[in-house]
Amino acid sequence: MYKEMDSKELLELFNKYASSNNYKERVEASKIVSYLGEIDIKNILQKIIYLNNDQNIAVSLSLLNSLKLVFSKYPNITKYLLVYIYINAQFSNNIIKEVSEQIIESLDPKIIDNIVVKNTSNLYSKNGLEAMRSLLSLGFISLSSPEYLKNSLLELSMISINSKYKLLKVVSQGIIDGFENIDRSILKDLKFLLEDLNCEYTVLDVNSFNNLAVFSLKNKINKEDAIKLLNNLKSPDKKIRFISAITLKENSKILVEILNNDIELSKYYCLEIIKNIEELSKEDIYDAVLLSSYSKIISIFNVDTSKASKIIKNNIITSLTFKNYITSYYCLESLYFFSLMGKNELNLRIKEVMNSKDVKALMKYNSICYYTTINVLCSIGEYDNFKVELNPYFNEELIKDFLNLDEGIRYSQFKDFEKYLKSKDWFERYNYGIKIGNLLYVIPKNTNFTYNVIKKLLNDKSYLVRTVGIWALLIILDRRSDISKKIILEILPNFDDFHFEVRILYSIFYNKLIKKYPEILENYELQNKLKKELITKYITDKFQTVRKISKNTLEKFPDSKYLLDYEKNSIDERYQILKKAVSEQGMTKPAILRLKLKLRHFISENDEENILKLLEFLKSNTVNEDYFYIFSDLKKIENKYPLAREIIDLMRNNFEKVPEIREKAIYSDLKELMIPRRIYRLKEVLSYISEGFTLNSKIMKVVNEFLIYPQADDKITELSMEILMHVKNSSAVRILAEKKELIEYLKSKKDELPKKIDVKTQNWKEIYSSLNYLITQDYRTDTYVKVNFSDFLRFNPLETKNSLIIGISMLYIMNSNLKEGDFELLDEINKNKFEVLKVISEMIYSEKDYPLLSHDAKRFLRTIMNTNQSWFTETILLSGEKEFYLPLISKLLDSKDISIQIQVLELLKEIIKLDFDCSSNLEIREKVLGLIKDDEKWIVFKKALEVLYICKLEENPKLLEEVGTKLIDYLKTAHDDSKLFLIKFFKIKGIGKISDELFEKLMMYKDSSNPYVSSELNELFEKRKGK
């Protein structure tokens, strides 16, 4: 019957039946859902949710059967309704639970994965209600399918420590904890936020938990509401007290207003709250949250020191145990609120608590306790208690195991652990980074460590892995020799990290660095650059702990006093301070970033007078590259304020490209796993590109990739397309055109898109739609896809129209498959090696027009070379086209992969034996010489010298002089073993062949303290004398 009806008739019937008192009609409404189109279903979501909650089991079962069909027909609808299936699977009767679980198990994992990614992205929403809905969705999914939340742990960890909404904190802590210490009933209490899509309350109802929960997330109450909520703290309903206290805690400005207007009233409520505190349980998690909220409120109401001390003694100290670490965390948070009162006597009491064994054990327990303890310590001025052994990453059992190993085995393990830092899995990199840090702790002080390993951790795209890297750096600082100037300068830009955990650890690092090595400040460059970054954090960071540690460090710097009381000055005095900072060499950055914050504030307040004053100040100073920090903000107001446009024009006149330091920050965030950071940076890139500024190829490569691979958030695709509209190279034009066509195709064929890929028969659009289903930028499930090289040739981007996106995607898939041991693909490559190398080389040579294709082709070639190490040399030597491949050889010499460098150098030796003239290719010769400067890569160093040994340089005096000079220059810094190989060059070429001047330079090392070096040189000296 329903099949014959049009959508209008179906909707009318559905609306009639859905609200019927007759359960049989509601059953029919549930059936109709499976006959509706995708758009119609979206329009009746709320009614579907009501049917899902129907008390009659027949209605619920009928709806579940319909939804199973809908999910199969319209996978996109799943993202709107799947969470309700998950709710059923946990909080319904057994029959509904069983059917719901069957539906979940029947779904393609990719669908659930995409829903998790989307909800994880929404956690960054400034709208607390939207963020909570997404968090609840993740919470319900975690109860049945926790395996899908692995890549959400980064965001959940951040929210659990740092969300401004207490409810978000509690729920995220529960999800991370698997609801072991926090009862999962909190999800049940809050699921109404998902079930009522229109729960936007505008009037406070103090007797409604639902109403109060929404208000706690909207973060907007007035003084009258605050008084009502304060009275609510006496409610016999614990849930009402809980949510009222949280809401008050989130609205501290209103509480300050009450204190300022009526001290007696604030005293009254303070005493009432203290009575509530006395009745709290020491172990109940929700009472711990209440204690934290109460502590914040009474600290604002200026609670008496003796009463606060009593609370610390009776309610806090007794809960600082491991019975429930989350309870302990909220007790630490209570201590933090009391410390902010700045009362000396109270802080002394807090200091005693913080020095206890219980607190030190808690600090080591996990991240939320660690960072909260740091907050308290900084608040009471204790800056010297941040020991590396108190970090949660420090593992005493692991340390004992490493100490029992021989030194050689330790280094072998170090190298083994390092391999895992290349893993695609951030969690694996995180765990092995922790092992590396613990291993560094036991390696003897006088042993050199490999900074490049720490660097990988410090630059990882996962912020938790970056925190491991800084901890490892702190270990080096604590237990080894001093850290070089080069390293200090190299890591300085990392202090601008988006994540406060990273910035806290860097601020601790610099604090320890300056205190341990105050002589660093004697170096003007180091002092100036460190001072700039520390001032930036002191006057701009939104986290008080980062500001306090930075201020404490700045006190060690000369000529910083004028900045340290910045906050205490009037607005005009602050401008004078900033003016002085701008005039001081290198100090523009902190001033500009502070002005950026003020500009945003003035814009939000519509304060035109101060906006103009700020813009005039900016224009009155010399425009330099630090102005790029405020560029995007100026773009937003350029139409309303001509001064902003004038400053932009000044920047355009002074700069052609975006400064390197901004490029590094942009690139880092574009590679970040957190989607909102990508969106933020893409907007910044668009603002630069639209004004004609250029950015480096690494950034543009990522933007291109965002269009090639399907994204979890459509905003990334939209912004990337806008950016490429301003780029006119061949690659951008083709990718943009292809992407537009593919988007239209996906829209027109959405009900009939193939979910399985068949690269042998499908056209480029069908293949893309299959990839669109299987692959996303960060969760590329390429193991589903089988691609042979012959399949790839069907879509050679250099020969076939509409093939650039598909071609690059296939290159990525083949590369991954080859790494995973695809022997069929390897066999095909071996059998067709001449064609494969020719095609891949042509793609590599297309770098000017197609940089991303060239990059990925080069990566694929390196994978082939590492999989079969004789393939490259054999193919070129047998090809009869050595001249064609010389540019390829040159490009591969730039590789950082030692195996690739060795293969290319071995090939060069074979080519030279076949009469290749070493003087004919300057670029290759320079690159080979460049490899000789780094004898840490001993095997590469040796192989590069072997190439020079067999070059007939002695037949070209000018060239011999040039190469000989460079080798002698390197003798100054080379290791002793390396010196012997360098000297060997002159023995082979004949010492009599070089000029007198070069000979004299060589003989400067004749009296070396190394007997082997001096012996070799003396032998050459005697030969030269007798020539």
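The values are calculated or read from the model by the stated rules, or taken from the named source; none is laboratory data. These figures come from a predicted structure and were not determined experimentally. Quick reminder, even Gly has a Cβ in these numbers, built from the backbone with ideal geometry, and neighbours come from all protein chains shown.
Descriptive notes on the structure:
- In the set (1) closer than 24 Å to Ser507 by Cα; (2) touching a Leu at 6+ places or on another chain (Cβ under 9 Å); (3) among the polar types (S, T, N, Q), the condition left unmet by Ser356 is number (1).
- Looking only at the range 943-996, residues that are basic (Lys, Arg) and under 27 Å from Ser899 (Cα atoms) come to 5 in all.
- Residue tally, condition touching a residue at least 40 places away in the same chain (Cβ under 8 Å) and either of a type in the set (Asp, Glu) or surrounded by 19 or more Cβ atoms within 10 Å (Cβ to Cβ) (or both), over the range 55-73: 1
- Conditions (1) without any contact (Cβ under 8 Å) to a residue 40 or more places away in the chain; (2) surrounded by fewer than 14 Cβ atoms within 10 Å (Cβ to Cβ): number failed by Val256: (1)
- Restricting attention to the range 448-470 and to residues that are outside any helix (DSSP H, G or I) and more than 17 Å from Phe498 (Cβ to Cβ), the residue that is farthest from the chain's Cα centre (by Cα) turns out to be Asn448.
- Single match in Ile699, Ile723, Ile716, Ile689 (criterion: within 21 Å of the chain's Cα centre (by Cα) and either at pLDDT 95 or above or closer than 16 Å to Lys657 by Cβ (or both)): Ile699
- Selected residue (only one of Asp649, Asp626, Asp669 is part of a helix (DSSP H, G or I), acidic (Asp, Glu) and free of Cβ contacts under 8 Å to residues at least 24 places away in the same chain): Asp649
- Conditions (1) closer than 30 Å to Ala89 by Cα; (2) surrounded by fewer than 15 Cβ atoms within 10 Å (Cβ to Cβ); (3) of a type outside the set (Phe, Trp, Tyr); (4) in contact with a helix residue (DSSP H, G or I) (Cβ under 8 Å, 6 or more places away or on another chain); number of the one not met by Ser208: (4)
- Qualifying residue in the range 471-488 (condition: among the aliphatic types (A, V, I, L, M) and touching a Ser or Thr at 6+ places or on another chain (Cβ under 7 Å)): no
- Condition broken by Leu673, with the remaining ones in (1) within 33 Å of the chain's Cα centre (by Cα); (2) among the aliphatic types (A, V, I, L, M); (3) modelled with pLDDT of 95 or more satisfied: (3)
Yes or no, residue by residue, for (1) under 29 Å from Lys97 (Cα atoms); (2) touching a residue at least 40 places away in the same chain (Cβ under 8 Å); (3) surrounded by fewer than 18 Cβ atoms within 10 Å (Cβ to Cβ):
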{"residue": "Glu147", "(1), (2), (3)": "yes, no, yes"}
{"residue": "Lys150", "(1), (2), (3)": "yes, yes, yes"}
{"residue": "Leu156", "(1), (2), (3)": "yes, no, no"}
{"residue": "Ile161", "(1), (2), (3)": "no, yes, no"}
{"residue": "Lys164", "(1), (2), (3)": "no, yes, yes"}
{"residue": "Val171", "(1), (2), (3)": "yes, no, no"}
{"residue": "Ile176", "(1), (2), (3)": "yes, no, no"}
{"residue": "Glu180", "(1), (2), (3)": "yes, no, yes"}
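- Looking across the range 547-576, the residues that are closer than 27 Å to Glu519 by Cα and of a type in the set (A, V, I, L, M) come down to Ile549, Leu554, Leu563, Leu564.
- Residue, farthest from Glu705 (Cα to Cα), within the range 792-827, restricted to residues that are over 33 Å from the mean Cα position of the chain (by Cα) and among the aromatic types (Phe, Trp, Tyr): Phe823
- Residue in the range 94-118 that is nearest to Glu147 (Cα to Cα), counting only those that are out of contact with any Ser or Thr (no Cβ under 9 Å at 6 or more places or on another chain) and free of Cβ contacts under 8 Å to residues at least 40 places away in the same chain: Glu105
- Helices (runs of 4 or more DSSP H) fully within the range 961-1027 counting 2 or more residues that are within 24 Å of Arg925 (Cβ to Cβ) and modelled with pLDDT of 75 or more: 976-989, 996-1003
- A search for C-beta distances below 9 Å between a residue of the range 33-47 that is assigned by TED's automatic domain parsing to the domain that holds Leu13 and any residue that is basic (Lys, Arg), counting only pairs 6+ apart in sequence or on different chains, returns Ser34/Lys68; Ser34/Lys73; Tyr35/Lys3; Glu38/Lys73; Glu38/Lys750.
- Qualifying residue in the range 611-623 (condition: closer than 30 Å to Asn523 by Cβ and touching a helix residue (DSSP H, G or I) at 6+ places or on another chain (Cβ under 6 Å)): yes
- Flag for Glu847 being under 20 Å from Tyr885 (Cβ atoms), among the charged types (D, E, K, R) and in contact with a helix residue (DSSP H, G or I) (Cβ under 6 Å, 6 or more places away or on another chain): yes
- Of the listed requirements (1) farther than 25 Å from Lys698 by Cβ; (2) modelled with pLDDT under 95; (3) buried (at least 19 other Cβ atoms within 10 Å of the Cβ); (4) not charged (D, E, K, R), Gly880 misses just one: (3).
- Top-ranked residue of the range 185-203 - restricted to ones that are part of a loop (DSSP other than H, G, I, E, B) and at pLDDT 90 or above, ranked as surrounded by the most Cβ atoms within 10 Å (Cβ to Cβ): Lys191
For every residue, the table says whether it meets (1) in a loop (DSSP other than H, G, I, E, B); (2) hydrophobic (A, V, I, L, M, F, W, C).
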| site | (1), (2) |
| --- | --- |
| Leu878 | no, yes |
| Phe884 | no, yes |
| Leu888 | no, yes |
| Asp894 | yes, no |
| Gln901 | no, no |
| Leu905 | no, yes |
| Phe916 | yes, yes |
| Phe941 | no, yes |
| Ala944 | no, yes |
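- Considering the conditions (1) part of a helix (DSSP H, G or I); (2) surrounded by fewer than 19 Cβ atoms within 10 Å (Cβ to Cβ); (3) without any contact (Cβ under 8 Å) to a residue 24 or more places away in the chain, Asn76 is excluded by exactly one of them, (3).
- Within the range 475-490, considering residues that are in a helix (DSSP H, G or I) and farther than 12 Å from Lys516 by Cα, the one modelled with the highest pLDDT: Ile475
- Members of the range 899-916 found to be touching a residue at least 12 places away in the same chain (Cβ under 8 Å) and of a type outside the set (A, V, I, L, M, F, W, C), listed by number: Ser899, Gln901, Gln903, Glu906, Lys909, Glu910, Lys913
- Top-ranked residue in the range 949-960 [being part of a helix (DSSP H, G or I) and out of contact with any helix residue (DSSP H, G or I) (no Cβ under 6 Å at 6 or more places or on another chain); ranked as surrounded by the fewest Cβ atoms within 10 Å (Cβ to Cβ)]: Lys958
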